[in-house]
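Asker: Below is a structure I'd like to ask you about.
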Amino acid sequence: MVGSLLLRGMIAGLIAAVLAFGFAYAFGEPEVDYAIGLEEQKAAAAGEPEEPEIVSRATQSTIGLATGLLVYGAAIGGIFALVFTWAYGRVTALGARATSALLALAAFVSVALVPQIKYPANPPAVGSAETIGSRTSLFFILLVVSIAAMVLAVALARRLWAERGAWTAGIIAGVAYLAVIAVVLFALPPVNEVPPDFAAERLWAFRAVTIGIHAILWTVIGLTFGALAEARLEPRRRHALA
């Protein structure tokens, strides 16, 4: 059963990655090209020698982007399936589709949205190479805290479910999660390394596309895997209840 769901999760992740690639190529790559062009202009103005292109830009924006997203999609799809396998029938009595959708929403918020609020993605020409280590560490600290807070929030909702009902339990758990995240966002140091000559609207567009890619990935994984899992699990569930 676990292997069957794991395969379905990876398939859902691959489908999501294909759709995310189309979105990233259409809306993200123009912003990357702008940032690279600005970076090259600065280097030329400073008299710096042109660096050799190890991998062509055309390859990066097509095969490279597709490969990265497909590998990432299959990986998170598989992890999602394993988490679903544990949560299904334990955390909630909801069916496969509803459980998958709620799990995907929780993953998007904790894994993608919250870390990007404090430490959003930057295109080329934004951010110092000397601080990449510290910036990466801060991002992963926030990521781990966000996931841990989400797990605790789900545990709290599960505990309150029987006493206060689904809506009240969900609201209390959601407020608790937001309170923890608000404190952590305030406590962690900010990072502001955007050069003054980088157009604000282009930076906003790049970061919006980044969030959009994650939204597509988690939405498609949640819905697609839910449908695939339902076809595998619900007949067994109905048979067991009968």
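The values are calculated or read from the model by the stated rules, or taken from the named source; none is laboratory data. Just so we're clear, the structure is a prediction, and the values are computed from it rather than from any experiment. Glycine also receives a Cβ, built like all others from the backbone with ideal geometry; neighbour counts cover every protein chain displayed. We work out accessible area using only protein heavy atoms, side chains counted, and drop any ligands, DNA or RNA first. Shrake-Rupley method; radii C 1.70, N 1.55, O 1.52, S 1.80 Å.
Asker: Pairs, please: C-beta under 7 Å, at least 6 apart or cross-chain, first residue modelled with pLDDT under 95 and in region 1-16, second open to solvent by 70 Å² or more (accessible area, probe 1.4 Å)?
Answerer: Between residues of region 1-16 that are modelled with pLDDT under 95 and residues that are open to solvent by 70 Å² or more (accessible area, probe 1.4 Å), the close pairs are Leu6/Leu82.
Asker: Something else about it: Modelled with pLDDT of 95 or more and either closer than 29 Å to Thr99 by Cβ or acidic (Asp, Glu) (or both): does that describe Val71?
Answerer: Yes: the conditions hold for Val71.
Asker: Only one of Leu38, Leu7 is open to solvent by less than 30 Å² (accessible area, probe 1.4 Å) and of a type in the set (A, V, I, L, M, F, W, C); which?
Answerer: Values: Leu7 fails: open to solvent by less than 30 Å² (accessible area, probe 1.4 Å).
It is Leu38.
A quick yes/no check of all residues on (1) at pLDDT 90 or above; (2) aliphatic (A, V, I, L, M); (3) in contact with a Pro (Cβ under 6 Å, 6 or more places away or on another chain); (4) buried (at least 17 other Cβ atoms within 10 Å of the Cβ):
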| site | (1), (2), (3), (4) |
| --- | --- |
| Ala162 | no, yes, no, no |
| Gly170 | no, no, no, yes |
| Ala176 | yes, yes, no, no |
| Ala182 | yes, yes, no, no |
| Val194 | no, yes, no, no |
| Ala208 | yes, yes, no, no |
| Ala215 | yes, yes, no, no |
| Phe225 | yes, no, no, yes |
| Pro235 | no, no, no, no |
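Asker: I've got another one for you. Return the only residue of Pro49, Pro30 being free of Cβ contacts under 8 Å to residues at least 12 places away in the same chain and open to solvent by less than 70 Å² (accessible area, probe 1.4 Å). If you could, list the steps in order and put the result at the bottom.
Answerer: On the way: Pro49 fails: open to solvent by less than 70 Å² (accessible area, probe 1.4 Å).
Criteria check complete, one pass: Pro30.
Asker: Are there any helices (runs of 4 or more DSSP H) wholly within region 4-108 with 2 or more residues that are closer than 30 Å to Arg158 by Cα and not small (Gly, Ala, Ser), and if so which?
Answerer: On the way: elements: 29-45, 65-87, 96-107.
The helices (runs of 4 or more DSSP H) meeting that bar are 65-87, 96-107.
Asker: Taking Ala35, is it in contact with a Gly (Cβ under 9 Å, 6 or more places away or on another chain), touching a residue at least 12 places away in the same chain (Cβ under 8 Å) and on the phi < 0 side of the Ramachandran plot?
Answerer: Answer is no for this residue.
Asker: Kindly indicate whether any position in region 113-132 is open to solvent by 40 Å² or more (accessible area, probe 1.4 Å) and in contact with a Pro (Cβ under 9 Å, 6 or more places away or on another chain).
Answerer: Yes, because at least one residue in region 113-132 is open to solvent by 40 Å² or more (accessible area, probe 1.4 Å) and in contact with a Pro (Cβ under 9 Å, 6 or more places away or on another chain).
Asker: Filter region 56-104 down to the residues that are under 15 Å from the mean Cα position of the chain (by Cα) and either exposed (fewer than 14 other Cβ atoms within 10 Å of the Cβ) or small (Gly, Ala, Ser) (or both) and list them by number.
Answerer: First pass over region 56-104, keeping only residues under 15 Å from the mean Cα position of the chain (by Cα): 68-80, 101-104.
Hits for region 56-104 are Gly68, Val71, Gly73, Ala74, Ala75, Gly77, Gly78, Ala101, Ala104.
Asker: I need a count of the residues in region 196-206 that are among the small types (Gly, Ala, Ser) and open to solvent by 40 Å² or more (accessible area, probe 1.4 Å).
Answerer: If we filter region 196-206 for residues that are among the small types (Gly, Ala, Ser), which is where we start, we get 199-200, 205.
Adding the requirement that they be open to solvent by 40 Å² or more (accessible area, probe 1.4 Å) leaves 200.
Qualifying residue count, region 196-206: 1.
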